[in-house]
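Peer 1: Have a look at this one.
Please treat every number below as a calculation from the coordinates, not as lab data. Since the model is a prediction, treat every value here as computed from it, not as a measurement. Counting neighbours? That spans all protein chains shown, and the Cβs are built from the backbone with ideal geometry, glycine included.
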Amino acid sequence: MEIKELDKEWLIPFYDRFNIIITKGKKHFVFDKDGEKYLDLVSGIAVVNFGHANREINKAIKKQIDKIIHASNLYYNKLQIKLAKKICEKSFKAKVFFCNSGAEANEAAIKVSRLYGNAKKQGKNKIIALYNSFHGRTIATISMTGQEKYKKGFEPLLENFVFVEANNVKELKEKFDENICAIFLEAIQGEGGINKLSPEFVKEARDLSTKYDALMIFDEVQTGIGRTGKYFGYQNFDVEPDGFTLAKGLGNGIPIGAFVVKDKIADLMKAGLHASTFGGNFLACAAGLKVLELLDEKMLEKINKLSEIFKSELEKLKEEFPDFIKEVRVYGLMIGIDLKEKLEVKNIINEFLNNKILTLRAGTNVLRLLPPFTITGKEIEHFCKVFRKILKNWRSK
Ligand SMILES: *Cc1c(COP(=O)(O)O)cnc(C)c1O
């Protein structure tokens with residue numbers, strides 16, 4: 001039977017899949033069942049940042065598999081301590097809870113925010129989030145997500161989320177008060193369309209959080225682990241949050257999530273308030289440790305160099321095709337190409353797939369690229385050449 005039919009027979013149809021059967025990967029390439037090679041510019045959605053089948057990461061996880069994979073969080077785990085320390089070395093002194101995904105990391109952050117607020121004052125349990133944000137697919141995280149399409153039909157949702165338009169300082173000031181226990185921000189909205197927050201807005205959010213004793217938490221699930229050219233997305237701004245969440249890139253494909261929060265908040269927590277069976281198991285931590293070892297200043301330099309190439313090449317394309325490209329937004333290797341309405345992004349993604357290049361969408365009509373850090377100028381050039389060809393063809397249609 002065709003895989004399409006088998007998929008339909010056995011899997012809950014939550015996904016609209018592209019017509020490709022991936023069986024293998026190497027660096028920034030994936031291969032289908034017939035051995036056809038595709039350029040991967042999406043990294044499994046900002047997950048496989050260090051490339052497929054990364055030699056060093058594979059060596060580390062293979063070694064760990066033969067020692068021990070899982071023992072439970074009822075026992076001490078040296079690797080969790082090492083990984084927590086490594087994350088804090090690249091951010092600030094804090095304490096870490098490990099889980100298995102982005103939504104779970106945000107769940108932990110929401111629970112800690114509620115515990116923090118409720119202990120301070122009755123009614124201090126509201127959380128500010130932004131319109132157009134994305135924080136995951138659990139009931140709590142869709143409740144915190146500022147996009148109707150992820151919420152519709154799942155009501156009743158969790159209450160006490162207050163939404164503010166990104167970069168609207170006036171609205172933020174109006175909606176912030178002593179009943180807010182936390183504000184959640186993506187430094188650059190990923191699913192929402194690659195939209196970077198303004199420095200003024202982020203600074204105001206910091207000031208108001210301090211003023212009203214609320215936690216400022218960055219959702220770094222997509223922007224963390226070098227993606228934006230910094231270790232973490234918040235480092236693009238001149239602020240220090242009270243906490244942040246990680247997942248996607250942290251294990252280079254091995255599921256792992258983390259909630260990182262400053263000592264003064266972490267120290268208010270007690271045994272039994274939260275837990276995860278798999279969270280921070282030995283295998284996941286071994287992957288995370290290798291990832292953070294590979295993510296050093298030199299790697300950031302490389303990411304920023306590649307980013308510059310992307311930026312200048314894409315700006316050229318925008319000048320050549322002002323009828324199709326509205327705006328180009330390049331932050332490290334987190335890239336959005338905002339297309340004019342007449343050019344539907346899903347058609348462009350399919351054209352790229354026909355040319356053996358994997359791309360993504362975001363927002364309403366944004367072509368999104370999240371390439372592995374292993375790519376080179378050669379692949380960027382190839383991508384632009386194909387893009388130019390597609391746009392030329394489209395123009396003559
Ligand atoms: C992907 C994503 C999540 C959800 O992560 P999962 O691992 O799918 O639960 C949360 N926040 C942001 C910003 C994301 O990009």
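Peer 1: Determine the sum of side-chain charges near Thr23: Lys and Arg each +1, Asp and Glu each -1, restricted to other residues whose C-beta is under 12 angstrom from that of Thr23.
Peer 2: Surrounding charge for Thr23 is +1.
Peer 1: Compute the projected area of the convex hull of the Cα atoms of segment 79-143, averaged over all viewing directions, and report it in nm² to one decimal place. Mind dumping the intermediate values first?
Peer 2: Details: hull surface 23.0 nm².
Over all viewing directions, segment 79-143 projects a mean Cα-hull area of 5.7 nm².
Peer 1: Taking square-rooted eigenvalues a ≥ b ≥ c of the alpha carbon gyration tensor, is segment 146-224 rounded, prolate or oblate, where a/c under 1.5 means rounded and, failing that, a/b exceeding b/c means prolate?
Peer 2: Numbers: a/c = 1.78, a/b = 1.19, b/c = 1.51.
Oblate, since a/c reaches 1.5 and b/c is not below a/b.
Peer 1: Something else now. Go ahead and set up a Gaussian network model of the chain, Cα springs under 10 Å, then flag whichever of Lys26, Lys311, Lys95 fluctuates most.
Peer 2: Lys26
Peer 1: Right, next: Return the whole-Å distance between the Cα centroid of segment 357-397 and the Cα centroid of segment 339-355.
Peer 2: 9
Peer 1: Further question: Under the rule of -39500 (n - 2.57) per DSSP H run of 4 or more residues, summed and divided by the residues of the chain, what mean residue ellipticity at 222 nm is obtained, to the nearest 500 deg cm²/dmol? Walk me through the numbers before you get to the answer.
Peer 2: Working: 13 runs with 152 residues, N = 397.
The helix-only estimate for the chain comes to -12000 deg cm²/dmol at 222 nm.
Peer 1: If you don't mind, another one. Give the cross-link partners of Lys397 among the aspartates and glutamates, using a straight C-alpha distance below 19 Å as the criterion and excluding same-chain residues fewer than 8 apart.
Peer 2: Reachable aspartates and glutamates: Glu320, Asp323, Glu341, Glu344, Glu351.
Peer 1: If you wrap a convex hull around the C-alpha atoms of the chain and split its volume per residue, what is the figure in Å³?
Peer 2: 160
Peer 1: Give the calculated FRET efficiency between Asn19 and Cys384 to the nearest 0.05, with a Förster radius of 41 Å applied to their Cβ-Cβ distance.
Peer 2: Numbers: r = 24 Å, r/R0 = 0.59.
About 0.95, to the nearest 0.05.
Peer 1: Under 1.5 on a/c is rounded, so check that first for segment 304-394, then, if it is not, pick prolate when a/b is larger than b/c and oblate when it is not; a ≥ b ≥ c are the square roots of the alpha carbon gyration tensor eigenvalues.
Peer 2: Details: a/c = 1.42, a/b = 1.33, b/c = 1.07.
Note, shape of segment 304-394 comes out rounded.
Peer 1: If I take the Cα coordinates of segment 1-158 and project them onto the principal axes, what are the three extents in Å, biggest first?
Peer 2: Here the Cα extents, ordered largest to smallest, are 62, 43, 28 Å.
Peer 1: Here's a follow-up. Could you pull the Rg and Dmax for segment 216-287, using just the Cα atoms, both in Å?
Peer 2: In Å, with Rg to one decimal and Dmax whole: 13.3, 37.
Peer 1: Which aspartates and glutamates have a Cα lying under 13 Å from the Cα of Lys4, excluding residues fewer than 8 positions away in the same chain?
Peer 2: Here the aspartates and glutamates satisfying the reach criterion relative to Lys4 are Asp16.
Peer 1: Past 18 Å, Cα to Cα: identify those pairs from Lys95/Lys302; Lys26/Lys378; Lys78/Lys270; Lys90/Lys298; Lys230/Lys340, in the order given.
Peer 2: Details: Lys95/Lys302 29 Å; Lys26/Lys378 16 Å; Lys78/Lys270 20 Å; Lys90/Lys298 14 Å; Lys230/Lys340 30 Å.
Violating the 18 Å limit, Cα to Cα: Lys95/Lys302; Lys78/Lys270; Lys230/Lys340.
Peer 1: Could you state the number of Å between the C-alpha centres of segment 186-258 and segment 27-57?
Peer 2: 26
Peer 1: Test of understanding: in a Gaussian network model of the chain with alpha carbons linked when under 10 Å, which of Ile303, Ile12, Ile45 would top the mean-square fluctuation ranking?
Peer 2: Result: Ile12 has the largest fluctuation of those listed.
Peer 1: Going by a ≥ b ≥ c, the root eigenvalues of the Cα gyration tensor, does segment 62-111 fall in the rounded group (a/c under 1.5), the prolate group (a/b larger than b/c) or the oblate group?
Peer 2: Working: a/c = 2.01, a/b = 1.36, b/c = 1.47.
Since a/c reaches 1.5 but b/c is at least a/b, the shape of segment 62-111 is classed as oblate.
Peer 1: Sticking with this structure for a sec: Just Tyr38, Tyr331, Tyr15 to compare: in a GNM of the chain, with alpha carbon springs under 10 Å, which one fluctuates most?
Peer 2: In the Gaussian network model the winner is Tyr15.
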